[in-house]
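To start, the structure itself, in structure tokens.
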Amino acid sequence: MDEQYLIQSALKGDMDAFNRLVLAYQDMAFNTAYRIMGESHAAEDATQDAFISMYQKLQTYRGGSFKAWILRIVTNACYDELRRRQRRPVTPLEPEDDDGEVIESPKWMEDSTAGPDEQVDNAELENAIQHCLENLDVDFRTVVVLVDVSGEDYQTVSNIIHKPLGTVKSRLARARQKLQDCLRGFWELLPARYRLNGEEL
Amino acid sequence: MKTGQEQSTKDLLQVSAYIDNALSPKENAEFEAHLAASPDLQQQVLEYKRLKAALRALPQKKSPRNFTLAPGKVKAARKTPRLAPAFSLATAGVAIMLMLTFAGEFILGGRVSLATESMPVPEMKMLEAVDNAEPAEPLIIFWGNEGAVGKGGGSEVVMGLGGGPMMGSEGPFTMPETEIERQVLPEEPPVAIQAQEGDPRETVIYGLQLEAEANDAAKNGVLSRVFQAMRGWPTIRWVQVGLGTLLLATGVTALVLWLGKRR
């Protein structure tokens with residue numbers, strides 16, 4: 001995919017070119033939104049708003065990392081969606097079975113490459129991490145998601161959230177410490193690869 | 001082993017930056033020297049690394065559907081009104097400003113409130129004089145007697161102003177200027193007054209009013225005073241009127257936009 005060519009075509013009004021960019025980045029955008037929002041429907045709304053906003057603001061893209069530019073829009077859409085939901089709270093839609101019971105480890109959490117025990121462990125770990133992420137303040141959560149989940153560097157995150165580098169470092173350190181405290185006591189229940197058995201630095 | 005709260009903030013910042021290779025070479029060397037001597041810090045580094053690995057290993061969520069846009073959808077999105085909050089904010093701002101002008105006027109007291117007080121002193125005095133003046137009989141001058149016909153003529157006996165005896169050979173008598181000034185002249189501009197039908201006063205006297213016309217002038221004077229009072233409004237009153245109008249306009253617009261958004 002020639003990204004720059006698609007961007008130029010989209011700028012000229014080529015909707016197909018724009019939609020090809022959407023298809024290329026929608027998983028990344030949705031995943032980031034999901035980790036920030038903590039809920040699938042909210043993440044969906046934020047992602048949709050982000051792509052509409054992206055189409056409307058495409059003229060403002062001034063080169064550089066297109067992924068970082070999209071992440072900035074996604075992050076802003078998540079903030080907007082969170083504010084909207086704070087004004088009009090909605091009941092989270094947990095996956096339910098036919099009897100209306102909440103499914104603790106829904107099907108989409110399953111890792112088809114892992115064995116049954118490992119799948120359960122992974123789902124437990126994911127639930128625990130997501131729970132701890134949701135307990136973080138949204139500013140801390142956003143930074144830790146962008147750095148540790150999406151793998152962005154400090155400078156990129158600083159550009160995305162419009163905050164100085166020092167703020168990014170500080171928020172990340174505090175977010176990690178809070179997550180660490182939240183997950184304490186949980187690690188020993190997890191697969192061996194997550195245990196610290198006299199590991200070397 | 002120290003818990004997270006017990007570690008110093010600086011240590012936590014450095015551990016976090018260290019596992020991301022975000023320390024400068026100098027900072028890195030200093031931190032590693034510190035790390036070698038601190039088992040607690042080593043444990044902290046291991047825990048942060050494990051946390052980072054766990055976060056990185058979280059499964060990537062696939063989008064539940066495609067987010068591609070149809071042209072109509074984008075158009076609709078562009079029409080989404082974002083003006084309602086702006087107008088609401090503007091309404092609130094204008095209301096506050098209006099209240100401030102009233103509060104300011106109240107605090108400053110009579111200094112700015114009364115229209116007449118803002119007028120220049122001579123103008124005020126003139127209005128007071130008009131208020132207090134007794135309706136005076138119009139000064140009527142009968143020009144000439146039976147023997148005098150036409151304007152500008154006069155008998156040998158002076159019956160009033162404007163006439164002049166035909167005595168002597170130096171021509172008509174002229175009243176000294178000082179005496180003319182002593183005569184009360186109406187404030188209204190001189191008008192030609194026609195004698196009414198059947199009125200024994202047959203001549204037209206310039207600069208004088210009949211009684212009926214004097215009453216009309218008095219009525220017009222009231223209107224003119226009201227108008228003059230409005231013209232004399234202080235600036236603050238006009239600002240209040242302007243803000244009130246603006247408040248009404250923005251308020252109604254905001255209401256209409258909000259109602260439209262709800263539909």
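In segment B:15-23, the condition of being more than 8 Å from chain A (Cβ to nearest Cβ) and part of a helix (DSSP H, G or I) is met by at least one residue.
As a summary of the residue check, A:SER9 satisfies the conditions (1) assigned to a helix (DSSP H, G or I); (2) within 11 Å of chain B (Cβ to nearest Cβ); (3) out of contact with any Leu (no Cβ under 9 Å at 6 or more places or on another chain) except for the one numbered (2).
Among residues of segment A:22-39 being surrounded by fewer than 19 Cβ atoms within 10 Å (Cβ to Cβ) and touching a Lys or Arg at 6+ places or on another chain (Cβ under 8 Å), the one that is nearest to the other protein chains (Cβ to nearest Cβ) is A:ASP27.
Here A:ALA42 meets each of (1) crowded, with 22+ Cβ neighbours inside 10 Å; (2) touching a residue at least 40 places away in the same chain (Cβ under 8 Å); (3) not acidic (Asp, Glu) with one exception, condition (1).
None of the figures in this text is laboratory data; all of them are computed from the coordinates on show. Here the structure is a predicted model, which means the values were calculated and not measured. Backbone-built Cβ (ideal geometry, glycine too); neighbour counts: all protein chains shown.
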